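Novice: Sharing a structure, written as C-alpha coordinates. Questions coming.
The values are calculated or read from the model by the stated rules, or taken from the named source; none is laboratory data. Every value quoted in this text rests on a predicted model; they were computed, and no experiment measured them. Cβ placement follows ideal geometry from the backbone for every residue including glycine, while neighbour counts extend to all protein chains displayed.
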Amino acid sequence: MTKPKVLIICSVSYSLLNFRKDFIEELVLAGYDVWCAAPDYDKVNSDAVKAMGAHPVEFNLQRKGLNPFKDFKSVRELKKIMKDLEVDFVFAYTIKPVIYGSFAAQQLKIKTFSLITGLGFTFSGVSLKSKLLGQVSRLLYKLALRKNNVAIFQNVDDKNLFLEQGILPKNKESFVVNGSGINIDRFRPKTDDEFNKGGTVNFIIIGRLMVEKGIELFLDTAVSAHKENRDAKFHVVGSPPEDLTALASRLQKLHDTGVIVHHGTQMDVRPYLYAADIFVLPTYYREGVPRSILEALSVGLPIITTRTPGCRETVEEGKNGFLIPPKELEPLKKAVNYFLDHPGKIEAMGRESRKLAEQKFDVRLINADLLKIINQNIA
(Lines give C-alpha, C1' and ligand atoms only; values in the text may rest on other atoms or scores of the structure.)
Protein backbone atom coordinates (compact mmCIF):
# COMPACT_ATOMS: atom_id res chain seq x y z
CA MET A 1 0.00 0.00 0.00
CA THR A 2 1.36 3.43 -0.98
CA LYS A 3 2.07 5.76 1.91
CA PRO A 4 0.15 9.06 1.93
CA LYS A 5 2.56 11.78 0.85
CA VAL A 6 2.70 15.07 2.78
CA LEU A 7 4.64 18.19 1.82
CA ILE A 8 5.61 20.34 4.81
CA ILE A 9 6.43 23.91 3.77
CA CYS A 10 8.41 26.36 5.89
CA SER A 11 10.28 29.63 5.42
CA VAL A 12 13.68 28.60 6.81
CA SER A 13 15.21 25.13 6.91
CA TYR A 14 16.56 25.24 10.48
CA SER A 15 13.00 25.64 11.81
CA LEU A 16 12.36 22.04 10.74
CA LEU A 17 14.92 20.99 13.34
CA ASN A 18 14.17 23.59 16.01
CA PHE A 19 10.38 23.55 15.90
CA ARG A 20 9.10 20.56 13.88
CA LYS A 21 11.54 17.70 14.49
CA ASP A 22 9.24 15.80 16.86
CA PHE A 23 6.23 16.39 14.60
CA ILE A 24 8.05 15.15 11.49
CA GLU A 25 9.20 12.02 13.32
CA GLU A 26 5.62 11.41 14.50
CA LEU A 27 4.33 11.69 10.93
CA VAL A 28 6.96 9.21 9.73
CA LEU A 29 6.07 6.78 12.53
CA ALA A 30 2.39 7.17 11.66
CA GLY A 31 3.12 5.91 8.15
CA TYR A 32 3.33 9.11 6.12
CA ASP A 33 5.88 9.78 3.38
CA VAL A 34 7.16 13.17 4.51
CA TRP A 35 8.77 15.77 2.25
CA CYS A 36 10.06 19.04 3.70
CA ALA A 37 10.20 22.09 1.43
CA ALA A 38 12.39 24.97 2.58
CA PRO A 39 14.79 27.56 1.18
CA ASP A 40 18.46 27.80 2.18
CA TYR A 41 19.18 24.13 2.91
CA ASP A 42 22.77 23.41 3.88
CA LYS A 43 24.27 19.96 4.33
CA VAL A 44 23.71 19.95 8.10
CA ASN A 45 19.99 20.70 7.86
CA SER A 46 19.50 18.46 4.85
CA ASP A 47 21.17 15.53 6.60
CA ALA A 48 19.14 16.21 9.76
CA VAL A 49 15.87 16.01 7.81
CA LYS A 50 16.98 12.72 6.25
CA ALA A 51 17.89 11.41 9.71
CA MET A 52 14.26 12.02 10.76
CA GLY A 53 13.14 9.70 7.97
CA ALA A 54 11.93 12.55 5.75
CA HIS A 55 13.12 14.05 2.45
CA PRO A 56 14.43 17.60 1.95
CA VAL A 57 13.38 19.59 -1.11
CA GLU A 58 14.45 23.16 -1.80
CA PHE A 59 12.54 26.12 -3.23
CA ASN A 60 13.29 29.83 -3.49
CA LEU A 61 11.68 32.30 -1.10
CA GLN A 62 12.35 35.91 -0.22
CA ARG A 63 12.17 35.91 3.55
CA LYS A 64 11.79 39.67 3.94
CA GLY A 65 8.92 41.76 2.66
CA LEU A 66 5.57 40.62 1.38
CA ASN A 67 5.17 41.30 -2.32
CA PRO A 68 2.98 38.79 -4.17
CA PHE A 69 4.36 39.92 -7.54
CA LYS A 70 7.97 39.28 -6.53
CA ASP A 71 7.01 36.08 -4.75
CA PHE A 72 5.06 34.63 -7.68
CA LYS A 73 8.13 32.53 -8.50
CA SER A 74 7.78 30.78 -5.13
CA VAL A 75 4.17 29.85 -5.92
CA ARG A 76 5.25 28.47 -9.30
CA GLU A 77 8.08 26.44 -7.78
CA LEU A 78 5.87 25.03 -5.03
CA LYS A 79 3.23 24.06 -7.58
CA LYS A 80 5.85 22.17 -9.62
CA ILE A 81 7.14 20.39 -6.50
CA MET A 82 3.60 19.33 -5.51
CA LYS A 83 2.85 18.11 -9.02
CA ASP A 84 6.14 16.24 -9.49
CA LEU A 85 5.91 14.55 -6.09
CA GLU A 86 2.17 13.86 -6.45
CA VAL A 87 1.59 14.90 -2.84
CA ASP A 88 -1.66 13.99 -1.11
CA PHE A 89 -1.77 17.01 1.16
CA VAL A 90 0.20 20.07 2.24
CA PHE A 91 1.06 21.22 5.77
CA ALA A 92 2.38 24.79 5.79
CA TYR A 93 3.42 27.03 8.67
CA THR A 94 4.47 30.69 9.03
CA ILE A 95 3.04 33.46 6.88
CA LYS A 96 4.64 33.09 3.44
CA PRO A 97 4.52 29.27 3.27
CA VAL A 98 0.87 29.37 4.38
CA ILE A 99 -0.10 31.96 1.77
CA TYR A 100 1.98 30.86 -1.19
CA GLY A 101 1.73 27.17 -0.41
CA SER A 102 -2.04 27.55 -0.31
CA PHE A 103 -2.11 29.37 -3.66
CA ALA A 104 -0.06 26.58 -5.27
CA ALA A 105 -2.13 23.79 -3.71
CA GLN A 106 -5.43 25.41 -4.71
CA GLN A 107 -4.43 25.29 -8.38
CA LEU A 108 -3.84 21.54 -8.10
CA LYS A 109 -6.85 20.91 -5.82
CA ILE A 110 -4.55 19.47 -3.12
CA LYS A 111 -5.79 19.38 0.47
CA THR A 112 -4.07 21.98 2.64
CA PHE A 113 -3.54 22.38 6.38
CA SER A 114 -2.36 25.83 7.44
CA LEU A 115 -0.73 26.37 10.82
CA ILE A 116 -0.85 30.02 11.91
CA THR A 117 2.14 30.28 14.26
CA GLY A 118 1.48 33.80 15.46
CA LEU A 119 0.78 37.01 13.57
CA GLY A 120 4.13 38.67 14.21
CA PHE A 121 5.40 42.03 13.05
CA THR A 122 2.74 42.61 10.39
CA PHE A 123 -0.15 42.41 12.87
CA SER A 124 1.58 44.25 15.71
CA GLY A 125 0.76 47.64 14.22
CA VAL A 126 3.60 49.45 15.98
CA SER A 127 4.85 51.32 12.90
CA LEU A 128 3.53 52.60 9.58
CA LYS A 129 5.40 49.81 7.81
CA SER A 130 3.82 47.10 9.96
CA LYS A 131 0.37 48.64 9.48
CA LEU A 132 0.76 48.63 5.70
CA LEU A 133 2.10 45.07 5.72
CA GLY A 134 -0.78 44.10 7.98
CA GLN A 135 -3.31 45.23 5.38
CA VAL A 136 -1.55 43.26 2.64
CA SER A 137 -1.27 40.22 4.93
CA ARG A 138 -4.95 40.28 5.78
CA LEU A 139 -5.92 40.25 2.11
CA LEU A 140 -3.47 37.49 1.18
CA TYR A 141 -4.46 35.35 4.17
CA LYS A 142 -8.12 35.76 3.22
CA LEU A 143 -7.46 34.63 -0.36
CA ALA A 144 -5.25 31.75 0.84
CA LEU A 145 -7.48 30.34 3.56
CA ARG A 146 -10.81 30.46 1.74
CA LYS A 147 -10.15 27.11 0.03
CA ASN A 148 -7.93 25.50 2.68
CA ASN A 149 -9.27 22.37 4.31
CA VAL A 150 -8.21 23.30 7.83
CA ALA A 151 -6.72 26.31 9.62
CA ILE A 152 -4.88 25.62 12.88
CA PHE A 153 -4.02 28.36 15.36
CA GLN A 154 -1.67 28.40 18.35
CA ASN A 155 -3.86 30.59 20.52
CA VAL A 156 -7.56 31.41 20.60
CA ASP A 157 -6.97 35.18 20.24
CA ASP A 158 -5.52 34.74 16.75
CA LYS A 159 -8.41 32.52 15.70
CA ASN A 160 -10.97 35.02 16.99
CA LEU A 161 -9.19 37.90 15.25
CA PHE A 162 -9.27 36.04 11.91
CA LEU A 163 -12.98 35.32 12.36
CA GLU A 164 -13.87 38.85 13.49
CA GLN A 165 -12.03 40.48 10.58
CA GLY A 166 -13.45 38.06 8.02
CA ILE A 167 -10.02 36.66 7.14
CA LEU A 168 -11.19 33.13 7.99
CA PRO A 169 -14.63 32.11 6.69
CA LYS A 170 -16.97 31.27 9.57
CA ASN A 171 -17.80 27.90 8.00
CA LYS A 172 -14.12 26.93 7.64
CA GLU A 173 -12.86 24.07 9.80
CA SER A 174 -10.43 25.45 12.38
CA PHE A 175 -8.68 24.30 15.53
CA VAL A 176 -6.46 25.65 18.32
CA VAL A 177 -3.41 23.80 19.66
CA ASN A 178 -1.12 24.87 22.51
CA GLY A 179 1.75 26.27 20.50
CA SER A 180 4.47 24.18 18.87
CA GLY A 181 5.01 22.24 22.10
CA ILE A 182 8.25 21.51 23.89
CA ASN A 183 10.26 18.32 24.28
CA ILE A 184 10.12 18.06 28.07
CA ASP A 185 12.81 15.36 28.09
CA ARG A 186 15.31 17.46 26.18
CA PHE A 187 14.48 20.46 28.37
CA ARG A 188 14.59 18.55 31.63
CA PRO A 189 13.53 20.15 34.93
CA LYS A 190 16.09 21.77 37.19
CA THR A 191 17.47 19.60 39.95
CA ASP A 192 17.26 20.73 43.58
CA ASP A 193 20.88 21.89 43.44
CA GLU A 194 20.25 24.05 40.36
CA PHE A 195 17.65 26.26 42.02
CA ASN A 196 18.73 29.54 43.59
CA LYS A 197 19.49 29.02 47.28
CA GLY A 198 20.32 32.65 47.99
CA GLY A 199 22.56 35.36 46.60
CA THR A 200 22.48 36.96 43.16
CA VAL A 201 19.22 36.52 41.23
CA ASN A 202 19.74 35.93 37.51
CA PHE A 203 17.16 37.23 35.00
CA ILE A 204 17.35 36.15 31.37
CA ILE A 205 15.83 37.06 28.02
CA ILE A 206 16.39 34.81 24.98
CA GLY A 207 15.45 35.26 21.36
CA ARG A 208 15.55 37.63 18.43
CA LEU A 209 16.38 41.00 19.94
CA MET A 210 13.69 43.02 18.20
CA VAL A 211 12.24 46.15 19.73
CA GLU A 212 8.78 44.51 19.59
CA LYS A 213 10.08 41.69 21.78
CA GLY A 214 10.64 44.19 24.61
CA ILE A 215 14.44 44.13 24.70
CA GLU A 216 14.64 47.88 25.42
CA LEU A 217 12.33 47.45 28.43
CA PHE A 218 14.53 44.62 29.69
CA LEU A 219 17.62 46.80 29.35
CA ASP A 220 15.93 49.75 31.08
CA THR A 221 15.03 47.45 33.98
CA ALA A 222 18.64 46.24 34.19
CA VAL A 223 19.87 49.85 34.30
CA SER A 224 17.42 50.66 37.10
CA ALA A 225 18.44 47.63 39.18
CA HIS A 226 22.13 48.44 38.63
CA LYS A 227 21.65 52.02 39.86
CA GLU A 228 19.89 50.73 42.96
CA ASN A 229 22.71 48.23 43.62
CA ARG A 230 20.28 45.31 43.64
CA ASP A 231 21.86 41.85 43.84
CA ALA A 232 20.82 40.89 40.33
CA LYS A 233 22.32 39.98 36.97
CA PHE A 234 20.56 40.44 33.65
CA HIS A 235 21.51 38.02 30.89
CA VAL A 236 20.78 38.54 27.20
CA VAL A 237 21.00 35.62 24.77
CA GLY A 238 20.54 36.53 21.12
CA SER A 239 21.53 39.28 18.71
CA PRO A 240 19.67 42.23 17.21
CA PRO A 241 18.90 42.47 13.48
CA GLU A 242 21.70 44.06 11.45
CA ASP A 243 19.76 47.28 10.88
CA LEU A 244 19.35 47.95 14.63
CA THR A 245 22.81 49.43 15.05
CA ALA A 246 21.79 51.68 17.96
CA LEU A 247 20.52 48.68 19.91
CA ALA A 248 23.69 46.71 19.16
CA SER A 249 25.76 49.65 20.42
CA ARG A 250 23.69 49.92 23.60
CA LEU A 251 24.02 46.20 24.29
CA GLN A 252 27.79 46.42 23.95
CA LYS A 253 28.01 49.47 26.21
CA LEU A 254 25.84 47.91 28.94
CA HIS A 255 27.82 44.67 28.71
CA ASP A 256 31.14 46.52 28.98
CA THR A 257 29.93 48.46 32.05
CA GLY A 258 28.61 45.34 33.79
CA VAL A 259 24.92 46.29 33.66
CA ILE A 260 24.09 43.18 31.60
CA VAL A 261 25.84 40.05 30.39
CA HIS A 262 25.37 39.72 26.64
CA HIS A 263 26.04 36.15 25.50
CA GLY A 264 25.19 36.70 21.83
CA THR A 265 23.47 34.08 19.71
CA GLN A 266 23.71 30.52 21.02
CA MET A 267 22.84 27.28 19.25
CA ASP A 268 21.98 25.53 22.53
CA VAL A 269 20.26 27.73 25.12
CA ARG A 270 19.87 25.05 27.77
CA PRO A 271 23.04 25.86 29.78
CA TYR A 272 21.92 29.48 30.04
CA LEU A 273 18.43 28.49 31.19
CA TYR A 274 19.80 26.19 33.91
CA ALA A 275 22.07 29.00 35.15
CA ALA A 276 19.18 31.49 35.25
CA ASP A 277 16.49 32.04 37.88
CA ILE A 278 13.76 34.04 36.13
CA PHE A 279 12.77 34.18 32.46
CA VAL A 280 11.61 37.56 31.12
CA LEU A 281 9.88 38.35 27.81
CA PRO A 282 8.21 41.79 27.83
CA THR A 283 6.98 41.37 24.25
CA TYR A 284 4.26 43.22 22.38
CA TYR A 285 4.91 41.17 19.23
CA ARG A 286 1.98 38.99 18.07
CA GLU A 287 3.29 35.63 19.28
CA GLY A 288 1.75 32.22 18.64
CA VAL A 289 3.04 30.73 21.88
CA PRO A 290 6.68 31.82 22.26
CA ARG A 291 9.07 28.90 22.02
CA SER A 292 11.48 30.66 24.37
CA ILE A 293 8.85 30.72 27.13
CA LEU A 294 8.03 27.04 26.60
CA GLU A 295 11.70 26.15 27.02
CA ALA A 296 11.88 28.19 30.22
CA LEU A 297 8.69 26.58 31.56
CA SER A 298 10.03 23.10 30.90
CA VAL A 299 13.33 23.84 32.66
CA GLY A 300 11.42 25.24 35.65
CA LEU A 301 11.85 29.01 35.59
CA PRO A 302 9.24 31.48 36.84
CA ILE A 303 8.02 33.65 33.96
CA ILE A 304 7.55 37.40 33.60
CA THR A 305 5.78 38.20 30.34
CA THR A 306 3.03 40.35 28.93
CA ARG A 307 -0.72 39.97 28.95
CA THR A 308 -0.78 39.49 25.18
CA PRO A 309 -2.02 36.75 22.79
CA GLY A 310 0.13 33.65 23.02
CA CYS A 311 1.90 34.77 26.20
CA ARG A 312 -0.99 34.87 28.65
CA GLU A 313 -1.47 31.12 28.15
CA THR A 314 1.93 30.42 29.71
CA VAL A 315 1.40 32.05 33.11
CA GLU A 316 -0.96 31.34 35.98
CA GLU A 317 -0.82 34.71 37.70
CA GLY A 318 1.14 34.63 40.95
CA LYS A 319 1.54 30.86 40.72
CA ASN A 320 4.34 30.42 38.19
CA GLY A 321 4.99 34.05 37.33
CA PHE A 322 3.45 37.40 36.47
CA LEU A 323 1.65 38.90 33.49
CA ILE A 324 2.30 42.59 32.94
CA PRO A 325 0.87 45.18 30.52
CA PRO A 326 2.82 45.51 27.26
CA LYS A 327 5.04 48.53 26.60
CA GLU A 328 5.09 49.58 30.27
CA LEU A 329 8.33 49.78 32.27
CA GLU A 330 7.09 50.22 35.84
CA PRO A 331 5.10 46.93 35.99
CA LEU A 332 8.17 45.08 34.67
CA LYS A 333 10.38 46.65 37.32
CA LYS A 334 7.79 45.77 39.98
CA ALA A 335 7.74 42.10 38.89
CA VAL A 336 11.55 41.95 38.86
CA ASN A 337 11.72 43.52 42.31
CA TYR A 338 9.24 40.97 43.64
CA PHE A 339 11.73 38.17 43.00
CA LEU A 340 14.61 40.24 44.38
CA ASP A 341 12.60 40.87 47.55
CA HIS A 342 11.26 37.28 47.75
CA PRO A 343 13.98 34.96 46.38
CA GLY A 344 12.49 32.12 48.40
CA LYS A 345 9.55 32.07 45.96
CA ILE A 346 11.69 31.25 42.94
CA GLU A 347 11.91 27.48 43.39
CA ALA A 348 8.22 26.94 44.18
CA MET A 349 7.10 29.05 41.24
CA GLY A 350 9.64 27.37 38.98
CA ARG A 351 8.25 23.96 39.86
CA GLU A 352 4.78 25.22 38.92
CA SER A 353 6.17 26.25 35.55
CA ARG A 354 7.43 22.72 34.98
CA LYS A 355 4.02 21.29 35.90
CA LEU A 356 2.36 23.58 33.38
CA ALA A 357 4.81 22.46 30.68
CA GLU A 358 4.04 18.81 31.41
CA GLN A 359 0.27 19.23 31.57
CA LYS A 360 -0.29 21.64 28.68
CA PHE A 361 2.72 22.08 26.41
CA ASP A 362 4.37 18.65 26.14
CA VAL A 363 5.16 18.26 22.43
CA ARG A 364 3.69 14.75 22.49
CA LEU A 365 0.30 16.21 23.42
CA ILE A 366 0.53 18.84 20.66
CA ASN A 367 1.60 16.31 18.04
CA ALA A 368 -1.21 13.95 19.02
CA ASP A 369 -3.67 16.80 18.46
CA LEU A 370 -2.15 17.66 15.08
CA LEU A 371 -2.16 14.04 13.91
CA LYS A 372 -5.78 13.68 14.99
CA ILE A 373 -6.72 16.80 13.00
CA ILE A 374 -4.88 15.52 9.92
CA ASN A 375 -6.27 11.98 10.12
CA GLN A 376 -9.82 13.25 10.47
CA ASN A 377 -9.55 15.59 7.50
CA ILE A 378 -7.61 13.77 4.77
CA ALA A 379 -10.20 11.12 3.98
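Novice: Limited to region 345-365, what total is found for residues that are closer than 15 Å to VAL289 by Cα and among the β-branched types (Val, Ile, Thr)?
Specialist: Going through region 345-365 one residue at a time, the tally reaches 1.
Novice: Okay, next question. Only one residue in PHE187, PHE175, PHE162, PHE153 is surrounded by fewer than 18 Cβ atoms within 10 Å (Cβ to Cβ) and within 26 Å of ARG291 (Cβ to Cβ). Which one? Can you show your working first?
Specialist: Working: PHE187 fails: surrounded by fewer than 18 Cβ atoms within 10 Å (Cβ to Cβ); PHE162 fails: surrounded by fewer than 18 Cβ atoms within 10 Å (Cβ to Cβ); PHE153 fails: surrounded by fewer than 18 Cβ atoms within 10 Å (Cβ to Cβ).
Matching residue, one of PHE187, PHE175, PHE162, PHE153: PHE175.
Novice: Give LEU219, LEU140 a once-over and let me know the one that is crowded, with 20+ Cβ neighbours inside 10 Å and at pLDDT 95 or above.
Specialist: Values: LEU140 fails: at pLDDT 95 or above.
Being crowded, with 20+ Cβ neighbours inside 10 Å and at pLDDT 95 or above holds for just one of LEU219, LEU140, which is LEU219.
Novice: Across region 332-379, which residue is farthest from VAL176 (Cα to Cα) among those that are crowded, with 21+ Cβ neighbours inside 10 Å and among the aromatic types (Phe, Trp, Tyr)?
Specialist: The selected residue is PHE339.
Novice: Do we find that PHE72 is out of contact with any Leu (no Cβ under 8 Å at 6 or more places or on another chain), hydrophobic (A, V, I, L, M, F, W, C) and at pLDDT 95 or above in this structure?
Specialist: Numbers: out of contact with any Leu (no Cβ under 8 Å at 6 or more places or on another chain): yes; hydrophobic (A, V, I, L, M, F, W, C): yes; at pLDDT 95 or above: no.
Answer is no for this residue.
Novice: For PHE322, state whether it is surrounded by 22 or more Cβ atoms within 10 Å (Cβ to Cβ), assigned to a strand (DSSP E or B) and either among the acidic types (Asp, Glu) or without any contact (Cβ under 8 Å) to a residue 24 or more places away in the chain (or both). Before you say what the answer is, go through the steps one by one.
Specialist: On the way: surrounded by 22 or more Cβ atoms within 10 Å (Cβ to Cβ): yes; assigned to a strand (DSSP E or B): yes; either among the acidic types (Asp, Glu) or without any contact (Cβ under 8 Å) to a residue 24 or more places away in the chain (or both): yes.
Yes; evaluated as a whole, the condition is true for this residue.
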